[in-house]
Structures are given as structure tokens and as C-alpha cells.
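Worksheet for the structure shown next.
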Amino acid sequence: MKRQISQLTGIILSFALLAAGCTGGAGGTAEDDGRGEGVSDPAAIAAEWDEAAHTPLGKYPKTVEYTLGKISGANNSNLPVGDTYENNAYTRYLREVLNIQNNDVFELEADGSYEEALEMSIADRSIPDVLVVSGRDNLETLVEAGLVEDLTTVYEECTTDAIKEMYASYGEELLGSATFDGKLYAFPNTAIDDGHMLLWLRADWIEELGLEEPRSMDEAMQVIKAFVDNDIAGNGQTIGLACSTGIIAGSSETYGVDGIFTKFGSAPEKWVLDDNGGIVYGSVASETKEALRYLNQLYEDGILDSRFLLRKTDNIDDLLINGCCGAVFGRWWAPNNPLSLSYSADNTAEWKPYLFAEDVENQAQTFESYDEWMYVVVRKGFEHPEIVGKYVSAIFDYARYEDDQYAAEVNEYFAINVDPTARPMNINVDYVDALYRCGENLEKALAGEMSVTELSGLEKSYYTTCQSYLSGNLTTANGWAAYASRIQAVEVLNSAGTRKKPAISMGSVDGEIPQNLQDLETEAFLKIIAGEEPVDYFDTFVQQWYDEGGRELTESVRDGYRQIGE
């Protein structure tokens, strides 16, 4: 791997030199114009270059190519056959609207391989023209090394008013995390409010067994018990509530049981505000003990999958495909992943989301740092640093909200479940409440209360898909997933009447949990849930956690947070 990365950094340098030679500039000749118009007015061409360089959507008279460190996605980001990371709906749109084109130096998934390529690039002081950086620490390293451009003027001149409003919806801290000595050095990713974790149940199984729809979490658990007791899948194959050994759904887990913890006001794996107004690690809070007690009872009653300790994610996927599982926790996008697996295998499988208001009334107040945030930076000396502001404006404003002429293919990607990692620069910029805005507008349009012409391009794409699904003309998993996620799930989130509390910023405070404490936590939680240790073993775990480094870590986090306000 190290040999591959060394080769990559050599490629980075080669591409950087190549980009410098093939990037257009304001002094282009008539032949440089590239529009097939013969001799053109040099002053007019210069004016076009100037407008493009200082406006959000001005189009370059000649293609501006840039080298890119690309974060790829699994399964080629579900791109349609024939599309690549350098030639897809996004890149074609960007060429049409702005006349920019990415040349990817490397295409690696956001795991150790991408991080190693990033670290080697920084060490060699040879980064691509544009790069997505994971973590504020890496961003700070680049800034201090003088490797990236000041983007303050780019942000002011080359982002639309809507983009500025989107960033403003998160408060000052988000852009502030990319600001050093009053200068903006990166465009940060935004994290829209995804709402609470939902419980997804097989509604067709509820109807088949003649059960009442649950009105509380306790009733929902009894519904799952009925699934198992009646072996509704047949042949003794029915399992209870799906659960991975990770327990908490994060960046690497699909089948968490976060909703149970939320029910008890617990937020494991997060730093939270305690009753005394101080910071505490959520996994060691007393509320977490009560959630584990409840999960242990679910396990003893056969409601939680009795073999969850032996399951891998792929195995649970297979259980969905084979119709053996009728209960999972998941976010609003669960119909896309993993429930589309179930629907693709059996389109009579009717999954329905549930969220009970009483379970989210006493939600924990969490903290958030920027230590794992994603930022787009531009290589120091690149001739056209403004392309990142123009990119953000074109993809996240113009294509979504205004452009009806060229953006159809881009917006269609959402309907056919192409992963956002297909975009050249792997960030998202949107309003903090974008999910709710989209859902509410779609509902109004489908009900005839809002003209389709008032919808954004993204919303029109979903509207068309949802309408086709509801009329019976679209029976694919993608059609169902669009309706279930954007309409049904958002309706349930709104009906609970309580939106998630926005996280309090920890800035760049290092709250990362060391591996030894992570392992201690996972082992303790699994033992308690599976009954290998009594629930009171939680107190032993907490003491160990503090003794083995948790006490010093907590004090460090508290001190760091206090310094933010000073």
C-alpha cells in the first residue's frame, strides 16, 4: 500500500504540472477560445474570463481543468453503466454550465487508503489542485504549511446569495471552523438535520396477524414479539429486531438500535450536557444504563434478534432479502439502504416508519466537534481557486432551485439512488432543515396545493418519481424508496412534533475516544445486553472507563470547551 501511495503522490505532482499547462487564462488567443468562431475580439474574451473569475455562474470561454483528490463510494457510487467519476451527470453539467472538468489524481474510498494518500500528499507538499480534506486538524496543517489558497474573496464573489443563506442557517461556527486569522481557507460540508432514528416495521405482517398498529415503543416491541412467536416468515426463520454488534449506528453501522437509547434520554458515543450543565460522555451516563436494561429484557424475551452476537451486516442484509426480518431501526433514508433490498426481493413487503413523541421529549443535548468534518481546499498557486465557489453555487443552488434547462440529468440521479459520492467534490451544501423543506413541498405538490413549477429541480425529480409510484406506473425499489423516504418518513418526523436539538459546537476540541476505551465500552454493552453480565455491571464498566483514561479525557474535553467561550 505504501508503494502505491508513493506512486500516487508522484502522479499528483505530474497532474499538478499538467493542470498548470492546460488551464485557460484571461490572456487566451483566438484559437484558445475553443468556440469555433475564428478570430474573436481579445477584449471580449478577456471580459468573459474576468466575469467567470468573479461571479458564481459565469462560464469560462475555455474549459478549465483541475486535478482532484477524489473520495469514491462503494459500488462505484451506484453510477449508471458507462458513467465514471470523470464523466457523469455532475461533470457533464459542470462543463455545460461553468466549463470546468476534473482530472482525478486518485479515486479512493474514505477509509485508511484515502487518508494515507492525503497524508503522503501533505508530507510531499504536492497536493492536487482541489482536495477534500477530512478533519479540521488536517485543514489546519495545510493552512500552516502554506499549501492552500485563501478563499475569502472566492466566497464573497463566487457563491450565490442562497449558498450564503445555507451556510448561515448553521450559525457562525460552521464557516468559522474553516477560518484562520479572519481568512476562509475551505468550504465546509454541511450536515442537514436528519431527524430522529425511526423504527421501521413490516406493516403487511401487522395486518396479516390482525394486530393493532403500535402507539408506543413498548407496544411496538410486542408487535415484534408477535412476529417471532407466530414465525410469520415460516420454517422457523423469523428473527426479532435486527441489531449489529456495533449497537449504535454511526458512519460504519447500518443496524443500530439508537432509538432505544433515545427513549431513555441516552446518547452513547456522544459528548452530552448533563443535568449540572457540564460535559459528560454519553455512554457512561445513568440513562445509558437504563437503556441497556431495556435491551437486555428485549433479548431475554426474544424480541431482540437472539443471534445478534453472531450477525455480520451482510448476514442481516440476507435476512431482509429472504423475508426473515420485519423490524429495523433506521434514518429517513432507510428505504434506500437497506430496505430496498427487501422491496427488490418482494415488492409486497410493506415497510412503515414509526416514531413515538414520548420517546423524543427528553432527548439528550449533544456536542459536536469538527475533528472529522470534511472541507474542500484549493492548492496554493492554482490559477482558478474560484472554481470551488462556482462549483458549490452551480451544484447546490442553480441545479437544485433554478436551472430547468440542463439540470434534469443531475436531479434524476437522486431518483435512481446514485450515491452523492458521484460528485467530484464530496461535500453537500444545503439548509439545515432541507429535509423538512423538501418533504413539505412534495406533499403539497402531490396534493395539488402547490404548483409543480414552484418546486426546485431536486423536488421536481422526486415529485415525478413519487407520482409515478403512487399511480402504479413505477414499481421499482427506487420508486418505492423515494416515496417512503421523502414522504412517509418526513411525515412521521413532523408528526412527532419534536425536532432534534441542534448539537452544541465543541469547535476543534479533541473528544476522540481512544481505542482501548471503545473496546471496553463495546464489550460491556454486549455482555449486559446478552445477559452475560448483570445490568449492574454497568457501574463496574463506568469505573473502569474513568480509571483507564476516561477521567483525564473528560477533564481535557471540559477544559477545551471552556476555552472556546473565553
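The values are calculated or read from the model by the stated rules, or taken from the named source; none is laboratory data. In this text the structure is predicted, and so the values were computed from the model without any measurement. Here the Cβ positions follow ideal geometry from the backbone for every residue, glycine too, while neighbour counts run over all protein chains shown. Note: areas computed on protein heavy atoms with side chains; ligands, DNA, RNA excluded. Shrake-Rupley method; radii C 1.70, N 1.55, O 1.52, S 1.80 Å.
The heavy atoms of Lys70 offer some 0 square angstrom of accessible surface to a 1.4 angstrom probe. Largest first, the residues Leu68, Leu273 sort by 1.4 Å accessible area into Leu273, Leu68.
On a 30 Å Cα-Cα criterion, which of the cross-link pairs Lys70/Lys289; Lys289/Lys500; Lys59/Lys380; Lys62/Lys380; Lys70/Lys164; Lys164/Lys352 come out too long? The answer is Lys70/Lys289; Lys164/Lys352.
For the chain, the solvent-accessible area works out to 43 Å² per residue, with a probe of 1.4 Å and every protein chain left in place. Packing here is the average count of other Cβ atoms within 10 Å per residue, and on that basis the peptides 329-342, 145-158, highest first, run 329-342, 145-158. Here the chain is assigned +1 on the Cβ of each Lys and Arg and -1 on the Cβ of each Asp and Glu. Its dipole about the Cα centre then comes out at about 680 debye.
Basic side chains Lys and Arg get +1 at the Cβ, acidic Asp and Glu get -1 at the Cβ, and with that the dipole of the stretch 386-519 about its Cα centre reaches some 260 debye. Backbone amide hydrogens, once placed in the peptide plane, bring Trp351 within less than 5 Å of Ala203, excluding anything fewer than 5 places away on its chain.
Rounded to the nearest 20, the Cβ-based charge dipole of the stretch 189-294 about its Cα centre (Lys and Arg +1, Asp and Glu -1) stands at 320 debye. From most to least packed by mean Cβ count within 10 Å, the peptides 385-395, 182-192, 488-498 give 385-395, 182-192, 488-498.
Give a residue-ordered list of calculated ³J(HN,Hα) values for the stretch 397-408 (Karplus: 6.51 cos²θ - 1.76 cosθ + 1.60, θ = phi - 60°; whole Hz; x for Gly, Pro). These are the phi-based 3J(HN,Hα) values: 10, 4, 5, 7, 10, 10, 7, 9, 8, 10, 8, 4 Hz.
Amide H contacts of Cys324: none lie under 5 Å away among residues 5 or more positions distant or on a separate chain (H built 1.01 Å from N in the peptide plane; Pro and chain starts excluded). The accessible-area ordering, largest first, of the residues Phe264, Phe180 stands as Phe264, Phe180, per a 1.4 angstrom probe. How charged is the neighbourhood of Asn296? Take every other residue with its Cβ under 12 Å from the Cβ of Asn296, and add Lys/Arg as +1 and Asp/Glu as -1. Computed value for this residue: -3. Listed options for Rg and Dmax of the Cα atoms in Å are (i) 25.4, 84; (ii) 26.2, 96; (iii) 23.2, 73. The value calculated from this structure is the one marked (i).
Summing Lys and Arg as +1 and Asp and Glu as -1 over all other residues whose Cβ lies under 12 Å from the Cβ of Ile260 gives a net charge of -3.
Proximity of backbone amide H atoms, modeled 1.01 Å from N, is registered between Phe180 and Tyr185 at under 5 Å, excluding neighbours fewer than 5 places apart on the same chain. Relative to the longest principal axis of the chain, what angle (0 to 90°, nearest 10) does the C-alpha long axis of helix 286-300 take? Its long axis makes an angle of about 60 degrees.
Across the protein chains, with a 1.4 Å probe defining accessible surface, the residues Ser451, Ser216, Ser283 rank Ser451, Ser216, Ser283 from largest area downward. Under a Cβ-Cβ cut-off of 13 Å, what is the net charge of the residues other than Thr67 that fall near it, where Lys and Arg count +1 and Asp and Glu count -1? Taking every other residue near Thr67 into account, the sum is -4. Couplings 3J(HN,Hα) for the stretch 436-447, derived from phi with the Karplus relation 6.51 cos²θ - 1.76 cosθ + 1.60 (θ = phi - 60°), are 6, 4, 5, x, 5, 5, 5, 4, 5, 5, 5, 8 Hz, where x marks Gly and Pro. Ligands, DNA and RNA aside, Ile279 has an accessible area near 10 Å² when probed at 1.4 Å.
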